[in-house]
Amino acid sequence: MWSEDLRMGARMGQVVGGPGALEAQLAKLAGGDLGPAGLIVRDAGVPEAVMAGVRAILAGGTVDVQEATVAGGEAAKSWPVIFSIYDAALGAGVARDGWFLAIGGGAVLDAAGFAAATFLRGIAWAAMPTTLLAQVDAAIGGKTAIDLPQGKNLVGAFHLPAWVALDPQVLESLPRREWRSGFGEVLKCGLLMGGRTWERVQEIPPGWEAPAEMVELAEASARHKCRVVAQDPYEAGERISLNLGHTVGHAWEQVSGYAGPRHGEAVGVGLLAALRMSEQVVHLDPAVRAAVHQALGRWGMPTRLPRDSHDGILRALARDKKLRAGALRWVLLRAPGDPVAMPVSMDIVEDALIGLEA
Ligand code: GLY
């Protein structure tokens, strides 16, 4: 097992990974480590067998626990779901010394974390991510959020979970599309880290063919994110690099009404857009984009934006820019392992988008 410590203001958090991480953390929770009463916020997509294991460990402890089930996917990041969590927490008698345990994919974790940040002005929470995407990205870092019709993650709070358990055993029954979605973030981490991780990410076979290899790379990605967040918890500097590929990726997700590409699939194409811009602006070697294109293809992931999508994406980006009240800063790559954040002129952005259309 491995672990990384994070701090956000007065809150300390631990990211614990490896087989058995979950049992170890749940045993502490069952003993009252985080408080005497809690609410499990369960993603409806989590297999019953996983839940049965969680319940069995908690039942052997001293804590009072109830469960609320939330439909997974982006729709979880909405006010009605947040209100339903508050309601269940009040019904379960969760007080200021209580906690939430979020179990599921990234969207449910984001929503449960935001509910924890705001319920009774903030209570403790812990996260048990059950998808590759959530294990390498969404569960780590303490940014919690819900969406507004105007865009993704527009209401939220920094609220570090007391612990996050990254247990590869829960990935065993992951559908292919979930492996793919996680791979988008792993690919991003390979580009940000450079060196051996970048080499491995280019070669790795699809996760459903070689899960053990993928789990190793996922650990490298998760630990990279932990290190970046530990240096810059509130995204004042280096943490923005983790947004590589996300500006176009989020805009594409938004214009498809969150019913099109999965997050990691959108990030994969967003990476291609960011790399195209990087070639123009900071002279990135085009071989890097060719390698990313090839890796996405090998995993059966999208490498193109839909035909005529650039106008809608540009409008979403303009809204993003307005909401940020200034120039949109793009994360570009000078070389694998060497990211830089800077504004990019709209004609270069548009060229990159048009060049990626089917
Ligand atoms: N919840 C994702 C992050 O903190 O980056």
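The values are calculated or read from the model by the stated rules, or taken from the named source; none is laboratory data. Keep in mind that what you see is a predicted model, and the values were worked out from it rather than measured. Every residue, glycine as well, gets a Cβ built from its backbone with ideal geometry; the counts of neighbours run over all protein chains shown.
Condition first: assigned to a loop (DSSP other than H, G, I, E, B) and more than 30 Å from Pro306 (Cα to Cα). Now tell me which residues in region 211-263 satisfy that.
Hits for region 211-263 are Asp232, Pro233, Tyr234, Glu235, Ala236, Gly237.
Applying the selection to region 135-145, what residues are surrounded by fewer than 24 Cβ atoms within 10 Å (Cβ to Cβ) and within 17 Å of Phe83 (Cβ to Cβ)?
If the condition is that a residue be surrounded by fewer than 24 Cβ atoms within 10 Å (Cβ to Cβ) and within 17 Å of Phe83 (Cβ to Cβ), then Ala145 is the only one that fits.
Among the residues of region 313-326, which ones are of a type in the set (Gly, Ala, Ser) and more than 25 Å from Arg180 (Cα to Cα)?
Correct list: Ala318, Ala325, Gly326.
How do the pairs read when you match residues in region 130-159 that are closer than 20 Å to Lys322 by Cα and in contact (Cβ under 8 Å) with a residue 12 or more places away in the chain with residues anywhere that are assigned to a loop (DSSP other than H, G, I, E, B) and within 13 Å of the ligand (Cβ to nearest atom), using Cβ under 6 Å and keeping only pairs 6 or more apart or on different chains?
Ile146/Lys77; Asp147/Lys77
When you go through Leu132, Leu174 one by one, which is the residue that is surrounded by fewer than 24 Cβ atoms within 10 Å (Cβ to Cβ), more than 12 Å from the ligand (Cβ to nearest atom) and either closer than 25 Å to Ala259 by Cα or of a type in the set (D, E, K, R) (or both)?
Leu174
Within region 153-171, can you find the residues that are under 27 Å from Met1 (Cα atoms) and within 11 Å of the ligand (Cβ to nearest atom)?
Of everything in region 153-171, those that are under 27 Å from Met1 (Cα atoms) and within 11 Å of the ligand (Cβ to nearest atom) turn out to be Phe158, His159, Leu160, Pro161, Val164.
Counting just the residues of region 135-152 that are away from the ligand (no atom under 12 Å from the Cβ) and part of a loop (DSSP other than H, G, I, E, B), which one comes out farthest from Ser78 (Cα to Cα)?
Gln150
Any chance region 218-237 includes a residue that's within 16 Å of the ligand (Cβ to nearest atom), modelled with pLDDT under 95, closer than 22 Å to Ala274 by Cα and over 17 Å from the mean Cα position of the chain (by Cα)?
Yes; the residues of region 218-237 include at least one that is within 16 Å of the ligand (Cβ to nearest atom), modelled with pLDDT under 95, closer than 22 Å to Ala274 by Cα and over 17 Å from the mean Cα position of the chain (by Cα).
Kindly establish whether Asp110 is of a type in the set (D, E, K, R), within 16 Å of the ligand (Cβ to nearest atom) and either within 22 Å of the chain's Cα centre (by Cα) or assigned to a helix (DSSP H, G or I) (or both).
So Asp110 fits the description; yes.
Scan region 296-317 and give yes if some residue there is surrounded by fewer than 21 Cβ atoms within 10 Å (Cβ to Cβ), in contact with a Pro (Cβ under 8 Å, 6 or more places away or on another chain) and under 17 Å from Gly151 (Cβ atoms), otherwise no.
Within region 296-317, not a single residue is surrounded by fewer than 21 Cβ atoms within 10 Å (Cβ to Cβ), in contact with a Pro (Cβ under 8 Å, 6 or more places away or on another chain) and under 17 Å from Gly151 (Cβ atoms).
Please enumerate the residues belonging to region 276-311 that are in a helix (DSSP H, G or I), closer than 20 Å to Arg180 by Cα and either modelled with pLDDT under 95 or not β-branched (Val, Ile, Thr) (or both).
Arg289, Ala290, Ala291, His293, Gln294, Ala295, Leu296, Gly297, Arg298
Given the options Gly105, Gly73, name the one that is at pLDDT below 95 and touching a Gly at 6+ places or on another chain (Cβ under 9 Å).
From the options Gly105, Gly73, the qualifying one is Gly73.
Inside region 177-196, can you point out the residues that are surrounded by fewer than 22 Cβ atoms within 10 Å (Cβ to Cβ) and either at pLDDT 95 or above or within 16 Å of the ligand (Cβ to nearest atom) (or both)?
Matches in region 177-196: Met193, Gly194, Gly195, Arg196.
State whether one or more residues within region 276-285 are free of Cβ contacts under 8 Å to residues at least 40 places away in the same chain and buried (at least 16 other Cβ atoms within 10 Å of the Cβ).
Yes; the residues of region 276-285 include at least one that is free of Cβ contacts under 8 Å to residues at least 40 places away in the same chain and buried (at least 16 other Cβ atoms within 10 Å of the Cβ).
Can you tell me which residue is nearest to the chain's Cα centre (by Cα) among those in region 74-107 that are small (Gly, Ala, Ser) and within 16 Å of the ligand (Cβ to nearest atom)?
Ranking the qualifying residues of region 74-107, first place goes to Gly106.
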